[in-house]
Amino acid sequence: MHVHLDSTTPIYIQIAEWLQHEIIADRLQANEKVYSQYQLAELFNINPATAGKGLTILLDEQLLYKKRGLGMFVATDAKERILTKRKNEILTKMAQELVLEAKRLLVSDDELLVLIRKTQEGLK
Amino acid sequence: MQSLTNISLKTIVKKQVKWKAKLYISALSSLVILQIIFGILLSSSGSTSGYGRGNLSVKFSIYSLDMFLIVSAFWAFIVAILFTTKAYRIDDLSVISSRTSSAIANIFVMIIYSFIAVIIMISTFYLKVLEILLAEKQSFIIENLFISPSILLLCFSSICLFGAIGLLLGTSFKGPTLIKVPIILLLLIFISLVSINLNSLMMLPNLIISVIYLFVSVLCFCLTIWIADKSEVSRK
Amino acid sequence: MKATFFLFFMPLLLVAAIFLLLSKLSKKIKIWTPERIMIGITSYLVLGLTAFLYISFFAESKIQALSPSEMKQLEKKLEQIQKYDLENDSSYLTEDYKKKTWALKYEGDTLPVIVNGDDSGSNYIIRMRYKDNIDSGQAIVTYYQLPVIIDGIDLSDKIPLPNVYMEHNELFIESLSEQQVNYDRIKPTLSILDFNRDVEQEPYAMDYPYSNVLIIDIPRSTVLEDSQGLVQYIR
Amino acid sequence: MNIIQCEDLSKSFGRRNALQHVTCAIDAEKIIGIIGRNGAGKSTILNIIAGYIKPTSGSCKVFNENPFNNIQTAANMIFIDDRLSFSDYLSLEDILKFGADFYPNWQSELAYRMLDYAGLDLTAKHQQLSKGQLATFNLVYGLVSRCALTILDEPMNGMDEAIRTDFYRAILKEYLAFPRTILITSHHLQEMESILEEILLIDKGSVIAHAPLDEFKEQLISLSGPSDALADLLSETEVYAQTIMAGMTSAIVDTSKLFVSEDLLRSKGINISHLTASEVCKYLTSKEGSDIDAIFD
């Protein structure tokens, strides 16, 4: 994965998201040691401080925990919490945007619901 | 926080002198060429003196060290000014240096080069003598083959003095205006004083003249360091 | 003139030359690495040393300059000679100084002497001496060369001898045409200083009038006719 | 710990004020981008920090000492720009030996490897290098000297695209291997943005902003939406730029003066987008109402 510099999303958020993604994808197991900020810096070619900021977000959300002198580790319930959070936050936000966009395009509520149904079926 | 490097001025000056002495060497090669051109090829003799005595007229062509010394002294002056020009100054910024360390290093290089210049001068003198010897087997007179130490010291101090004046002049041109003007005035006063009293100066014994020259050189060197210490880097 | 030249013209020439040279040198940098230049300069110095050694071992200069102490001695000697001359005593003219003798014959009891020279023969000191053991009608002219020291160099040998001959029963003394002698002096000092100091110190060149002496020996019976008034009597 | 501390620093050249009352502090072991337009005073402040020039007033402390003509500052600082020059007699290889003799932390091995990677001929002379090669060599020289304060003034000038990316990574890796304070100026903020920790924005001789990169970027925000919906909002905040086109307004505003939640904006049909760092710089330093479009009106 590459960090998109030109993307308007701040790099540290991209790092945090990438780490969450790794946890969801089970590439980072519970209680496994996470990359240090220096490893992340080298991996993504970013300033270690920025990488550290990304880690701090996860630490604040208690998805990671710190062992003194050893580094940071994935919290036991990290994966579930991320999934719940994503459902809550990201999905809500996306739904919000979807509704707003539908409004702009003068799509009625019913039409929108039909569209969602259809998409779900199509993906199955 | 990593520990900072602690380097004394002395260490830096030593390193700068070591590199400068090597890198400015073209100055010395120019002296060799100048000595050959002016000392050996151009001048037929340093000076001549003639005596008429009845129906005998005697012409002495005197081959002395004058020409060689004049060439060396002017060379030292110009080389010293060159040392303070942009090209050389900017090179100093590429390594650990301050203007003070660069000025001190330049002074040492100038002293070393003055010393070598004396040797080059003597070398040229003997080559010239050899030339006369091979050309005029009969009529040459060796008054003394060995150059007396007092003359050598005088040559060294004269070259040093010219170098010192050059360094001072070159440095003060780059210094703050507040310093530049008085220094140049001071130099002018000094030069005019010397030229007025040239004759009485020359009457002094060699050793005293040398000591005066060396004293003035040291004074110029001190002023050079002082000005360099106050100067900003100008890279224009 | 010379000093002005050295002080004003030479510096300008020098400055121009040095700048030209340095700018030329900096362009030829590819060939001239510092190491090569160092080798070049060292070999130049070695060359100079070789020249010095060669000169000091193989070049014995034939002409020796006199040291100041030797000059002092000589000066004293010449002063004495002058004293003798003033007292009309010819005993100072020893065989050591004798250069040439002319034996001349003339008729009658008078011997006119004519001195020809560019400046009326003032080059020579001409003295007349009566001698008993000379046959009448015969004159012996002897040329003595006393030391001539210029700038510490003994030039006695370089001074041209006069031409002495009889014509129309007159004794002619002619100085030869001017002779030029060139010397190359190697003097490892600073002549600017020497020159300036010499002005006040005693002159280095010893210019002494009593150096070329011509003695005309004639019998007592002869009268020397000296219309120019150049000949003096001496015992 | 602050390794650079400037207080009320001013510098004027004749009548021109290059720096005016600059007060800033720079922490140790950070990579800091110094950004500013041409003639903004970047070089002046760097020259003062390097001890090359003397401030007209105010004080500047580097490693807790006055840097001006200070050998201790010089020993711990290296200033790399395109005017770096070496004696004509030195080949690149000689220059590496030259540097190694002076700088105690010199990484000879690394220098050789980097120059080899960049394809520079070690027997070449410094002044014979092309502009890009020169920049490459100078940057390598600056990195391998491992000075506690490394100042890189336009280090990538003239380098081609591919090697530029490589060398930004080289700077980062060298920094990770041997943390030090690196000040970089560049016209290409975009491409070096990711390795920076902080940004120091200078304009007209003053420091306009000095903040961690992310905070800096979040300073301004772009809003776009129907003109009537935005009009009220814009009147309450500071607007840096504004374009109106067919009933749609887009404006750049100061985030700190926007007291409306994102959700509320979104519900009004106003779109929020973040700006890139170089855009933020551009808006912060552009003059009031100055816009290239205005020239053509």
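Some points to look at:
- Residues satisfying the stated conditions in the range B:12-32, i.e. part of a helix (DSSP H, G or I), hydroxyl-bearing (Ser, Thr, Tyr) and facing chain D (nearest Cβ under 9 Å): B:26
- The residues on offer are D:275, D:265, and the sole one that is within 26 Å of residue D:33 (Cα to Cα), buried (at least 17 other Cβ atoms within 10 Å of the Cβ) and not hydroxyl-bearing (Ser, Thr, Tyr) is D:275.
- Residue count for the range A:42-54, restricted to those that are out of contact with any Lys or Arg (no Cβ under 9 Å at 6 or more places or on another chain) and either more than 14 Å from chain D (Cβ to nearest Cβ) or buried (at least 23 other Cβ atoms within 10 Å of the Cβ) (or both): 5
- Under the condition of being at pLDDT 85 or above and either under 30 Å from residue D:31 (Cα atoms) or more than 14 Å from chain A (Cβ to nearest Cβ) (or both), the residues counted in the range D:219-232 number 4.
- Restricting attention to the range D:88-122, the residues that are over 26 Å from the mean Cα position of the chain (by Cα), of a type in the set (Ser, Thr, Tyr) and within 13 Å of chain B (Cβ to nearest Cβ) total 2.
- Qualifying residue in the range B:129-145 (condition: within 11 Å of chain C (Cβ to nearest Cβ) and closer than 30 Å to residue B:17 by Cβ): no
- Answer from D:35, D:48 - the residue that is modelled with pLDDT of 90 or more, buried (at least 21 other Cβ atoms within 10 Å of the Cβ), assigned to a helix (DSSP H, G or I) and more than 9 Å from every other protein chain (Cβ to nearest Cβ): D:48
- For the range B:61-78, the set of residues classified as part of a helix (DSSP H, G or I), of a type in the set (A, V, I, L, M, F, W, C) and at the interface with chain C (Cβ under 7 Å from one of its Cβ atoms) consists of B:69, B:70, B:71, B:74, B:75, B:78, listed by residue number.
- Filtered by the rule that a residue be part of a loop (DSSP other than H, G, I, E, B) and modelled with pLDDT of 90 or more, the range D:160-204 gives D:178, D:179, D:180, D:196, D:197.
- On inspection, residue B:152 does not qualify as assigned to a helix (DSSP H, G or I) and at the interface with chain C (Cβ under 9 Å from one of its Cβ atoms).
- Selection within the range C:196-233 - within 8 Å of chain B (Cβ to nearest Cβ), at pLDDT 70 or above and not in a strand (DSSP E or B): C:196, C:197
- Members of the range B:155-165 that are among the hydrophobic types (A, V, I, L, M, F, W, C) and within 12 Å of another protein chain (Cβ to nearest Cβ): B:155, B:162
- Some residue of the range B:139-149 being in a helix (DSSP H, G or I), out of contact with any Cys (no Cβ under 9 Å at 6 or more places or on another chain) and within 28 Å of residue C:68 (Cα to Cα): yes
- Some residue of the range D:33-44 being free of Cβ contacts under 8 Å to residues at least 40 places away in the same chain, at negative phi and hydrophobic (A, V, I, L, M, F, W, C): no
Conditions tested, residue by residue: (1) outside any helix (DSSP H, G or I); (2) of a type in the set (Asp, Glu); (3) at pLDDT 90 or above.
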site	(1), (2), (3)
A:27	yes, no, no
A:41	no, no, yes
A:55	no, no, yes
A:73	yes, no, yes
A:83	no, no, no
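- Residue match in the range D:14-32 (condition: within 26 Å of residue D:137 (Cβ to Cβ), hydrophobic (A, V, I, L, M, F, W, C), buried (at least 18 other Cβ atoms within 10 Å of the Cβ) and in the same structural domain as residue D:104 (by TED's automatic domain parsing)): yes
- Annotation for the range B:197-206: at least one member residue is more than 19 Å from the chain's Cα centre (by Cα), exposed (fewer than 12 other Cβ atoms within 10 Å of the Cβ) and of a type in the set (Gly, Ala, Ser).
- Cβ pairs under 8 Å, 6+ apart, first in the range A:83-98 and on the phi < 0 side of the Ramachandran plot, second surrounded by fewer than 13 Cβ atoms within 10 Å (Cβ to Cβ): A:96/D:263
- For the range C:124-144, the set of residues classified as under 17 Å from residue C:86 (Cβ atoms) and not hydroxyl-bearing (Ser, Thr, Tyr) consists of C:125, C:126, C:127, C:128, C:129, listed by residue number.
The values are calculated or read from the model by the stated rules, or taken from the named source; none is laboratory data. The shown structure was predicted, so the numbers you read here are calculated from the model rather than taken from an experiment. Every residue, glycine as well, gets a Cβ built from its backbone with ideal geometry; the counts of neighbours run over all protein chains shown.
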